[in-house]
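Structure first, then comments.
The numbers here are math on the coordinates, done by the rules we state, and not lab data. Source: prediction; values computed, not measured. Glycine also receives a Cβ, built like all others from the backbone with ideal geometry; neighbour counts cover every protein chain displayed.
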Amino acid sequence: MKPPIPVITIDGPSASGKGTIAQLVAAQLGFHYLDSGALYRIVALATQQQNIAWSDAQAVAECAKRLHIIFENEQVLLNNKDITNDIRTEAIGKGASQVAVHAPLRDALTHMQHAFCKAPGLVADGRDMGTIIFPNAPLKVFLTASTEVRASRRYQQLINKKQAANYDDILQDLLERDERDQNRASSPLVMADDAILLETDNLTISQAVAFVLQKYQPFIQFSA
Ligand code: DC
């Protein structure tokens, strides 16, 4: 019997550093990487382009089923068009959180997310990776950071990208997104019972990456 493909899940709220940490862990281990938030962002963008309301559960799910999405190196292509930067705006992040409440959409995206699970392994980041999408993952990490620290990080990211940024607006948006992501009925953002909590307020990115890699060590020895 083939051994199961190892999966590391990294869940947490917006701007908790999941994406950066998950990508670096995946690179260190030579694993594939799934940015599940990007899928919800792509759906928010595609529905907006097709004048489909983010509140229309069925239409949003149907639209998602028709999308041709390619992740290539650092790029995201939607129907062969490069939308890498278009899905990273604050407005699309907000839209992603709104479409993500719909169970039919979450169902439509489940298969797509499972398809990322290929040898030699996968690091998956999002909100429900450890609870719903990969419940048997051997290592689950739940990242947290205070709202103020997350807002400061997001503010700095936008400034670095030379985009307009207002700290108070960012803080308000994060609070709204946390509230929606944590309290929706379908796959809310919660820590899996068997996840390890990592509080990142006082950690550098490298320290957080080292923590995850160290927690993964026993599994490497086990499978060797
Ligand atoms: O991680 P992110 O900021 O790119 O995610 C954008 C939104 O997508 C987030 O506010 C909620 C939703 N999302 C989700 O519901 N489930 C996931 N696994 C990933 C993201």
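Rundown of residues vs (1) among the hydrophobic types (A, V, I, L, M, F, W, C); (2) farther than 24 Å from Gly95 by Cβ; (3) within 16 Å of the ligand (Cβ to nearest atom); (4) not in a helix (DSSP H, G or I), yes/no style:
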| residue | (1), (2), (3), (4) |
| --- | --- |
| Pro135 | no, yes, yes, yes |
| Lys140 | no, yes, yes, yes |
| Gln157 | no, no, yes, no |
| Asp168 | no, no, no, no |
| Gln172 | no, no, yes, no |
| Gln182 | no, no, yes, no |
| Ser186 | no, no, yes, yes |
| Leu203 | yes, yes, no, yes |
| Ile220 | yes, yes, no, no |
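Could you grab me the full set of residues in region 14-42 that are in a helix (DSSP H, G or I) and more than 9 Å from the ligand (Cβ to nearest atom)?
Thr20, Ile21, Ala22, Gln23, Leu24, Val25, Ala26, Ala27, Gln28, Leu29, Ile42 - these are the residues of region 14-42 that are in a helix (DSSP H, G or I) and more than 9 Å from the ligand (Cβ to nearest atom).
Report, by residue number, each residue of region 90-105 that is touching a residue at least 40 places away in the same chain (Cβ under 8 Å) and either more than 9 Å from the ligand (Cβ to nearest atom) or more than 13 Å from Glu176 (Cα to Cα) (or both).
Within region 90-105, Glu90, Ile92, Val99, Ala100, Val101, His102, Ala103, Pro104, Leu105 qualify.
Pick from region 97-128 the residues that are among the acidic types (Asp, Glu) and not in a helix (DSSP H, G or I): which of them is surrounded by the most Cβ atoms within 10 Å (Cβ to Cβ)?
Asp125
Here's the yes/no breakdown for (1) farther than 19 Å from Thr9 by Cα; (2) in contact with an Asp or Glu (Cβ under 7 Å, 6 or more places away or on another chain):
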{"site": "Glu72", "(1), (2)": "yes, no"}
{"site": "Gln75", "(1), (2)": "yes, yes"}
{"site": "Asn85", "(1), (2)": "yes, no"}
{"site": "Glu90", "(1), (2)": "yes, yes"}
{"site": "Val101", "(1), (2)": "yes, no"}
{"site": "Met112", "(1), (2)": "no, no"}
